[in-house]
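The values are calculated or read from the model by the stated rules, or taken from the named source; none is laboratory data. Remember, predicted model here, so these are calculated numbers, not experimental data. For neighbour counting, all protein chains shown are included, and Cβ atoms are generated from backbone atoms with ideal geometry for every residue, glycine included. These area figures cover heavy atoms from the full protein model, side chains too; ligands, DNA and RNA do not enter into them. Shrake-Rupley method; radii C 1.70, N 1.55, O 1.52, S 1.80 Å.
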Amino acid sequence: MQVMNKPDAITECNTLNDKDFMRYSRQVLLPEVGEAGQLRLADAHVVIIGIGGLGQLAAQYLACAGVGELTLIDMDKVEVSNLPRQLLFSDADIGLNKALVAKERLKFLAPNCTITAYETSFNIKQLYGVLQKKRQGKCTLVLDCTDNFETRQLINRSCVEAYLPLVSASIAAFSGQLFAVDQISFPSSGCYHCIFPAHTRVSHSCSTQGVLGPSVGVMASMQSLVAMQLLLGMDSRCDGALHPLLGHFWRFDAKSLSWTSAKLTRDPYCDVCGVRKAIPYLT
Amino acid sequence: MILIHINNVAQSLTEPTSLAAVILAQDIALDSVAIVLNAELIPRNRWQSILCQHEDKLELFSAVAGG
Ligand SMILES: [Zn+2]
């Protein structure tokens, strides 16, 4: 799309071409999206960390919805035990890197989307690309779709340091958790470390506890829904007007199908967001 | 008497009790849970200083990290 090649372009001045207007018509029909919203998605860059149960579905939703650029990060290879819930992958992919397979699949599912894949574990350098986009005034977002507490802490810390909004989802057994934080537009809601400090004892993971595919799908769908609405609600300069979905922590009980929401509050003594130690070259 | 609810189970306190003390009385390690007090997440640094009030609703839960 034209708008992607012109970093400083103001999306409102552009229009969707006829092909894309048809493709995204069910979204554009919504007054909350419209043509301007669809162009905003085309101008957005989302980093998805972890291309397992959550990430493979979020990547499909965002790419197919017209998000212009995705960065996919996962060091893991497709395993046979992934296939019941990671529906983007098939038996033929076993042993191949998840981020690379997802990138190849999404080329066909979402030809408009530019995808970068990293077949390594997450490190903050992988956010440089998205930060560049942010400086150019594009809407940017990080999705935490990983499967372990240590990486979640690292991602949270990196997003705080880089002032990038974070939408995080998790699931194990029948319990799901979801939250969205943004240090720029809503610093009073704090960060993941305010809720669960790094030394927290954690026992739950899908590999030790098991999980049903649709529970993962519910969490990934909700995460994608939050992500899209945050992108649509941001202005093109990413000043990020306060969005009602920011600053909440949702829990999902997959047995009773019930959701519980709580308000996030910042811990003024938080080691991560309490004392701002932003790295100058990241801001 | 102070009546509170912990994960939807009613419990009575005979004297003003901090969030931290309530959790410890449940035999739960402080570094293993998060607390929602009346629909608001309370950072751990405040658990000692907040005293439970009559009709407070507490939800305790642990971190879920899978995906
Ligand atoms: Zn924090």
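Data overview
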item	result
Matching residues, the stretch A:197-209, being more than 14 Å from residue B:66 (Cβ to Cβ) and crowded, with 16+ Cβ neighbours inside 10 Å	A:197, A:200
Given (1) of a type outside the set (D, E, K, R); (2) within 13 Å of the ligand (Cβ to nearest atom); (3) at pLDDT 95 or above; (4) open to solvent by 70 Å² or more (accessible area, probe 1.4 Å), index of the condition residue A:269 fails	(3)
Residue satisfying all of: in the stretch A:126-165; of a type in the set (Asp, Glu) and open to solvent by 10 Å² or more (accessible area, probe 1.4 Å); nearest to residue A:182 (Cα to Cα) among these	A:161
Leading residue by the ranking (farthest from the ligand (Cβ to nearest atom)) among those in the stretch A:201-235 that are at pLDDT 95 or above and under 29 Å from residue B:29 (Cα atoms)	A:212
Complete set of residues in the stretch B:31-67 that are out of contact with any Lys or Arg (no Cβ under 7 Å at 6 or more places or on another chain), facing chain A (nearest Cβ under 10 Å) and among the hydrophobic types (A, V, I, L, M, F, W, C)	B:33, B:34, B:35, B:36, B:37, B:42, B:63, B:64
When residues of the stretch B:16-37 are limited to those that are in a loop (DSSP other than H, G, I, E, B) and free of Cβ contacts under 8 Å to residues at least 12 places away in the same chain, the one farthest from residue A:274 (Cα to Cα)	B:27
Matching residues in the stretch A:210-234 - criterion: being in a helix (DSSP H, G or I), open to solvent by less than 20 Å² (accessible area, probe 1.4 Å) and among the hydrophobic types (A, V, I, L, M, F, W, C)	A:216, A:219, A:220, A:226, A:227, A:230, A:231
Leading residue by the ranking (nearest to the ligand (Cβ to nearest atom)) among those in the stretch A:257-266 that are without any contact (Cβ under 8 Å) to a residue 60 or more places away in the chain and open to solvent by less than 70 Å² (accessible area, probe 1.4 Å)	A:262
Subset of the stretch A:170-190 [among the small types (Gly, Ala, Ser), within 12 Å of the ligand (Cβ to nearest atom) and open to solvent by 10 Å² or more (accessible area, probe 1.4 Å)]	A:188
Residue list for the stretch B:38-59, restricted to those being under 21 Å from residue A:251 (Cα atoms) and either assigned to a helix (DSSP H, G or I) or open to solvent by 20 Å² or more (accessible area, probe 1.4 Å) (or both)	B:38, B:39, B:40, B:44, B:57, B:59
Any hit, the stretch B:7-25, residues being open to solvent by less than 50 Å² (accessible area, probe 1.4 Å) and within 30 Å of residue A:223 (Cα to Cα)	no
Scan of the stretch A:102-125 for residues that are outside any loop (DSSP other than H, G, I, E, B) and open to solvent by less than 10 Å² (accessible area, probe 1.4 Å), ordered by number	A:102, A:106
Residue among A:142, A:167, A:160 that alone is under 16 Å from the mean Cα position of the chain (by Cα) and within 12 Å of the ligand (Cβ to nearest atom)	A:160
The stretch A:69-85: number of residues that are more than 21 Å from residue A:155 (Cα to Cα) and crowded, with 24+ Cβ neighbours inside 10 Å	1
